[in-house]
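As structure tokens, the structure follows; a few thoughts come after it.
Throughout, read-outs are computed from the coordinates displayed, never taken from laboratory work. From a predicted model like this one, the values you see are computed outputs, not experimental measurements. Counting neighbours? That spans all protein chains shown, and the Cβs are built from the backbone with ideal geometry, glycine included.
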Amino acid sequence: MQASPRKATVLIADDDPAMRRLMAGIVSRLGYLEVTVADGDAVVRHVAGSSCDVLLLDLSMPGKGGLEVLEYLVDNDYHFPVIMISGSGDIEQAVHCIKLGAYEYLTKPIDNTRLEITLKNALSESDLKHRVRLLGAAMEQSPLAIAITDTRGSIEYVNPSFSRNTGYSRDEVLGENVNILKSGEHPDSFYRELWETITGGEVWQGEFHNKKKSGELYWEQAIISPVRNNARVISSFLALKEDITEAKRDREALAESVQRFRELADLLPQPVFETDNRGRVTYSNRAGFDIFGYTPKDLQEGFDALQIFAPEERRRVRENIARRLDGGQSAATELTARKKDGAQFPVLVYSAPIVRKGKISGLRGIILDITQQKAVERSLRDNQEKYRNLFQSIPDAIIVADAETGKIVEWNKTALSFFGYSGDEFSAMNVSDLYPDELRNEAPEYFRNFVTMKSGAVQASIITRNGFLVDVDISSALFDTARTRRVLLIFRDISEQKMSEQLIRENIRLKNDFISNVSHELRSPLFSILGFSSTLLRDRNELDSGTIDEFLGIIHEESTRLASLIEDVLTISRIDSGKTVFKKEPLDPADIIESACKSLKLRADEKRVGLTLNLYENSLTVRADADALKQVVINLVENAIKFTPPGGQVYVSLVRERDLMLLTVRDTGLGIPKKDLEKIFEKFYRVERAGEETEGTGLGLPIVREIVNAHGGSVEARCSVGAGATFRVRMPLFTEGA
Ligand code: ADP
């Protein structure tokens, strides 16, 4: 359906109502819309607000006359045709009106036909003029540069935008050939093709790199179309052009920036990827292809991001993608990646949503291969474990404390058993708590020394949880951890070492004592032998035989004592040095005791000391060295006789006590003070008795103890003051097959 054309509006201005009616009738008959007014002011008002295509204007009206209205319209750029209606045929006035711009000058009475023709012509001319004006304005105001040339390229029209773009004013280019804009940047073929296109009646589109009047080059996008005349012959060319220098520069900058980012991404050693919002990979940098083994073709064919992860990880990856696509915070996720060839390796994936126009369109991420980091972590863990085990298995007690405060922070197993505290107790303790009360005040000072000394060792006493004082060597070392400074303390129990040092000292003292005692003991019989033998040698002729015999007797007696002393010394030192080998054999101790007592009977009789033997009725068997056992009996009985004044008694008995034999040697002699009871078994120890000089070496009892001990037995001394001494020897009985 075609819209009905707008009816032209004809404004009729006349003060005579009959004239207005007449003209309105004609106008309406012609099919136009008639609007009537009675004076000039009404015309001015009307045209200001409503449309008017033709004005029939009476020349003489009251108020503003026709001429005045015409002048007003011309002055105010009204372009519709004005047909003047006049009562007179004044030629001069008619010429004046036409000059002013009136379309026609008609005289009354109005000839209907004349008016009709004039109206039609005026309207069609006005329409044409209107279209030309419109087109002209459009071209003049177009932001596109417009140039019209003839068929040889000679410029016939350019608009202001053309001048703006090129710098050439209209006057400078009219009549010039368009090739004044040529920059020389395009090859001839470019122009040839252009001309072939447009002269062939086609529209050409393309970009020119042209030169402005100033010499500056610029880019323009152009559409050139041929324009045909009524005879359909190409008469000119119309070029519409837009300066795209800036847009092109922007486009190039953008392309370059895209390129730069691609290149940068390709430079990264880590895979960088993008996916769409269904998780399909849309981009990967070079490292992505290199590391995972996929090709750009795989990507074009489309593949899921899940594919680059181990199958068992895919559920997590899916959840992760969903979380990110939901706008979840970007974060690093540790996953196992999978190459195209199936090889797997640990990775850290950082991803973030891609937001376009406020919407999440996919994901972007970077994948870090953490194989090495994992290996380092593992070896670090292994090392830590190794050192922890090492630390725990060190046999010395080790405690680690904070260097600032002395607070205990770590300890090994030995420390737990050494100090007797539990781990919980340790963790609430300070190093100073390990010192006994009397050192507690100095403890912080000691600790400061450990810290300032850096490393070293000191001796100290510590107290265990059970209250035992232990002598220790404390070695310390200072070390720094990531955040704090620590002191490592190694406690070594030196109480045994101290004890053995003491023992060594004691032994040396005993040896010295032994030597001086031996020399002392040897000296008196030796001097006596020397004295008497020298007298004999010197005075033997003057001495009577009785005296000589007496002297020889003394020499013999002293030699015997000397021999027995030397024997004792040798015996004890042999036993001491572990060189004595006892020839143990089953024997009846009663036999040994009997024979020993028999050999001492004479001495007892001489001293008038009774010696009574009371032996177990049944036979007993012990495994013993007969000589050694006899020595034990002799030493004990000899002592008993020696320390029992004449008239006293010595009782020797042998009984069985469960699976032991019990030998008792009891006398009614001097007895032994309680304080000396244990000491009498020490070498050379002799009980000091006022005013008495009893013979003896102080070796008899030590020999007894050594022999008895070597036979798995024991010896003890008892005494009740004033009631003599009792010695008991116990030895295990020998049972066949035992
Ligand atoms: P000694 O050769 O001096 O007798 P012993 O080692 O046999 O050395 O004895 C050590 C000391 O023990 C003696 O000096 C003595 O004082 C004391 N003693 C040993 N036996 C008796 C005893 N039966 N009665 C009193 N004192 C004894």
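Helical content of the chain, expressed as a calculated mean residue ellipticity at 222 nm, amounts to -14000 deg cm²/dmol (DSSP H runs of 4 or more residues, -39,500 (n - 2.57) each, divided by residue number, nearest 500). As a rough footprinting exposure proxy, the listed residues Leu380, Leu115, Leu56 were ranked by other beta carbons within 10 Å of their own, and the order from fewest upward is Leu380, Leu115, Leu56. Across the chain, the longest piece that holds none of the GluC sites (Glu not before Pro) lying in DSSP loops with up to 13 other C-beta atoms within 10 Å covers 217-403. Among the aspartates and glutamates, select those whose C-alpha is under 13 Å from the C-alpha of Lys601, and discard any that sit fewer than 8 residues away in the same chain. Result set, ordered by chain and number: Glu638. The ranking of Ile308, Ile463, Ile91 from fewest to most other beta carbons within 10 Å of each one's beta carbon is Ile91, Ile463, Ile308. Rounded to whole numbers, the Karplus 3J(HN,Hα) couplings from phi for the range 469-483 are 8, 10, 7, 9, 9, 10, 9, 10, 8, 9, 8, 9, 9, 4, 10 Hz, using 6.51 cos²θ - 1.76 cosθ + 1.60 with θ = phi - 60°, and x at Gly and Pro. Within a straight-line Cα-Cα reach of under 24 Å, Lys374 can be paired with the following lysines, leaving aside sequence neighbours fewer than 8 residues apart in one chain: Lys339, Lys340, Lys386.
Taking a straight Cα-Cα cut-off under 18 Å and skipping sequence neighbours fewer than 8 places away in the same chain, the lysines within cross-link reach of Lys675 are Lys683.
Rounded to the nearest 0.05, the FRET efficiency derived from the C-beta distance between Ala322 and Gln372 at R0 = 22 Å is 0.10.
When both the range 211-249 and the range 645-660 are represented by their alpha-carbon centers, they are found 151 Å apart. Pairs with C-alpha atoms separated by more than 18 Å, drawn from the list Lys212/Lys241; Lys7/Lys120; Lys583/Lys679, are Lys583/Lys679. A Förster distance of 30 Å, applied to the separation of the beta-carbon atoms of Ala331 and Arg381, puts the FRET efficiency at 0.80.
Looking at the square roots a ≥ b ≥ c of the eigenvalues of the Cα gyration tensor of the range 570-663, which shape do they give, rounded for a/c under 1.5, prolate if a/b is larger than b/c, or oblate? Kindly include the intermediate steps, with their values, before the conclusion.
Values: a/c = 2.41, a/b = 1.28, b/c = 1.88.
Oblate is the answer for the range 570-663, as a/c is 1.5 or above yet b/c matches or exceeds a/b.
The ranking of Asp471, Asp539 from fewest to most other beta carbons within 10 Å of each one's beta carbon is Asp539, Asp471.
Please list, by residue number, every one of the trypsin sites (Lys or Arg not before Pro) in the range 98-196 that is coil in DSSP and has at most 14 other beta-carbon atoms within 10 Å.
In loop regions of the range 98-196 (DSSP not H, G, I, E or B), the sparsely surrounded trypsin sites (Lys or Arg not before Pro) are Arg152.
Among beta bridges identified by DSSP and lying wholly in the chain, the antiparallel ones come to about 80 percent.
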